[in-house]
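Undergrad: Below is the structure I would like to discuss, written out as structure tokens.
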Amino acid sequence: MAEGGVTSSFWTYLPRGAKPKLADMDTKNEFQSQVVLVTGGTKGIGKGIAQAFLEAGATVVVCGRQQPEELPQSRGRSAEFIACDVREAQAVKDLITEVQARHGRLDVLVNNAGGAPAVDAATVSPRFHEGVLRLNLFSTLHASQAANAVMQQQEGGGVIVCIGSISALRPSPGTAAYGAAKAAVLSLVSSLAVEWAPKVRVVAVSPGLVRTEQSHLHFGDDDGIASVAQTIPAGRLAEPEDIAQACLYVASPRAAYMSGTNLLLHGGGERPAFLGASNAETTQTSH
């Protein structure tokens with residue numbers, strides 16, 4: 001056994017750019033009999049999260065504005081779908097009510113729905129910025145509020161996981177309102193964790209750069225994606241499965257003392273630009 005009671009076989013050395021073998025992580029049936037709702041769980045990171053909870057034995061419900069051609073699946077089971085525009089407060093409340101009506105409970109809410117296209121903050125309309133805040137901040141608040149009302153009545157309480165972003169912690173040029181909204185989400189997590197304890201834990205998981213089916217919109221073709229990956233110490237972009245495994249952990253009893261915190265997943269961060277611009281053999285920090 002390693003320190004802290006964790007078996008050393010769990011930790012394996014991964015060379016630069018290598019992906020973890022998620023099948024080796026024994027999470028099967030960890031969420032048996034639990035009901036999990038993943039907003040925006042039909043594609044990208046959300047789909048990966050939904051599949052991971054299915055793999056772990058949970059009953060999973062996903063939502064989106066339109067029924068997808070294919071729902072998240074794992075172990076011969078499929079997620080359930082409920083249409084919902086999470087930008088609308090009443091629609092979100094109705095969504096939580098429907099999940100409770102179908103299954104009698106809600107154990108984990110993953111606030112994943114979000115995103116924003118790149119725009120010029122100086123010229124884009126106020127209506128656009130308001131829409132970004134509604135999708136990325138207010139939907140999280142409204143869904144969390146409705147889920148908490150259910151979870152507080154359950155003997156085991158529940159867990160609310162909010163998907164943040166590295167954009168909340170560094171400049172976000174081109175997506176300024178999105179970065180601001182995600183920063184607000186982190187503040188929201190810390191406050192709700194205090195208000196709703198001890199029955200409900202509230203945690204943030206913040207990805208860095210993630211490779212999804214829409215990566216080309218941000219980074220270009222495969223060569224562009226590969227070039228971006230080389231700026232990350234891990235040697236690759238995160239995969240949706242990386243974020244999913246973090247969500248499994250923070251929602252599990254293994255993280256029972258984790259609340260009001262932000263788990264940052266960025267593969268080691270981003271190499272500072274000044275290091276590439278400098279022609280000095282070594283760089284010293286002055287203060």
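The values are calculated or read from the model by the stated rules, or taken from the named source; none is laboratory data. For clarity, every value in this text was computed on a predicted model and none was experimentally measured. Don't worry about glycine lacking a Cβ; one is built from the backbone with ideal geometry, like all the others, and counts go over all protein chains shown.
Undergrad: Do we find that Val161 is under 19 Å from the mean Cα position of the chain (by Cα) and under 26 Å from Arg254 (Cα atoms) in this structure?
TA: Judged against the criteria, Val161 is a match.
Undergrad: Could you list, ordered by first residue, the pairs with Cβ atoms under 7 Å in which the first is in the range 147-172 and within 26 Å of Asp120 (Cβ to Cβ) and the second is in a loop (DSSP other than H, G, I, E, B) and small (Gly, Ala, Ser), at least 6 apart or interchain?
TA: Short answer, once both residue conditions are applied: Ile163/Gly114; Ile166/Gly208.
Undergrad: Look at Lys182 and say whether it is surrounded by fewer than 21 Cβ atoms within 10 Å (Cβ to Cβ), at negative phi and in contact with a strand residue (DSSP E or B) (Cβ under 9 Å, 6 or more places away or on another chain).
TA: Values: surrounded by fewer than 21 Cβ atoms within 10 Å (Cβ to Cβ): no; at negative phi: yes; in contact with a strand residue (DSSP E or B) (Cβ under 9 Å, 6 or more places away or on another chain): yes.
Against the criterion (surrounded by fewer than 21 Cβ atoms within 10 Å (Cβ to Cβ), at negative phi and in contact with a strand residue (DSSP E or B) (Cβ under 9 Å, 6 or more places away or on another chain)), Lys182 does not qualify.
Undergrad: Would you check which residues across the range 193-208 are in a loop (DSSP other than H, G, I, E, B) and surrounded by 22 or more Cβ atoms within 10 Å (Cβ to Cβ) and list them?
TA: Within the range 193-208, Gly208 is the sole residue that qualifies.
Undergrad: List pairs: first residue in the range 189-206 and of a type in the set (Asp, Glu), second residue part of a strand (DSSP E or B) anywhere in the structure, Cβ distance under 9 angstrom, at least six positions apart or on different chains.
TA: Glu195/Val202
Undergrad: Let me ask something additional. Among the candidates Glu55, Glu70, Glu88, single out the residue that is crowded, with 17+ Cβ neighbours inside 10 Å and among the acidic types (Asp, Glu).
TA: Glu55
Undergrad: Residue under question is Leu109, and the condition is that it be closer than 23 Å to Leu186 by Cα, surrounded by 18 or more Cβ atoms within 10 Å (Cβ to Cβ), in contact with a Leu (Cβ under 7 Å, 6 or more places away or on another chain) and touching a residue at least 24 places away in the same chain (Cβ under 8 Å); does it hold?
TA: yes
Undergrad: Can you find a residue in the range 152-175 that is under 25 Å from Ala101 (Cα atoms), among the hydrophobic types (A, V, I, L, M, F, W, C) and either out of contact with any helix residue (DSSP H, G or I) (no Cβ under 8 Å at 6 or more places or on another chain) or part of a helix (DSSP H, G or I) (or both)?
TA: no
Undergrad: Please work out if Glu30 is farther than 23 Å from Ala229 by Cβ, modelled with pLDDT of 95 or more, out of contact with any helix residue (DSSP H, G or I) (no Cβ under 6 Å at 6 or more places or on another chain) and crowded, with 18+ Cβ neighbours inside 10 Å.
TA: Numbers: farther than 23 Å from Ala229 by Cβ: yes; modelled with pLDDT of 95 or more: no; out of contact with any helix residue (DSSP H, G or I) (no Cβ under 6 Å at 6 or more places or on another chain): yes; crowded, with 18+ Cβ neighbours inside 10 Å: yes.
In short, no.
Undergrad: Going residue by residue through the range 8-22, is there one that turns out to be of a type in the set (Val, Ile, Thr) and modelled with pLDDT of 55 or more?
TA: no
Undergrad: I need a count of the residues in the range 99-117 that are small (Gly, Ala, Ser) and either outside any loop (DSSP other than H, G, I, E, B) or out of contact with any helix residue (DSSP H, G or I) (no Cβ under 8 Å at 6 or more places or on another chain) (or both).
TA: 2
Undergrad: Could you please find all residues in the range 85-98 being in a helix (DSSP H, G or I) and farther than 16 Å from Gly157 by Cβ?
TA: Scanning the range 85-98 gives Ala89, Gln90, Ala91, Val92, Lys93, Asp94, Leu95, Thr97, Glu98.
Undergrad: Which pairs have Cβ atoms under 8 Å, sit 6 or more apart or on different chains, and link a residue in the range 68-82 that is on the phi > 0 side of the Ramachandran plot and assigned to a loop (DSSP other than H, G, I, E, B) to one that is at pLDDT 95 or above and aliphatic (A, V, I, L, M)?
TA: Qualifying pairs under 8 Å: Arg75/Leu54.
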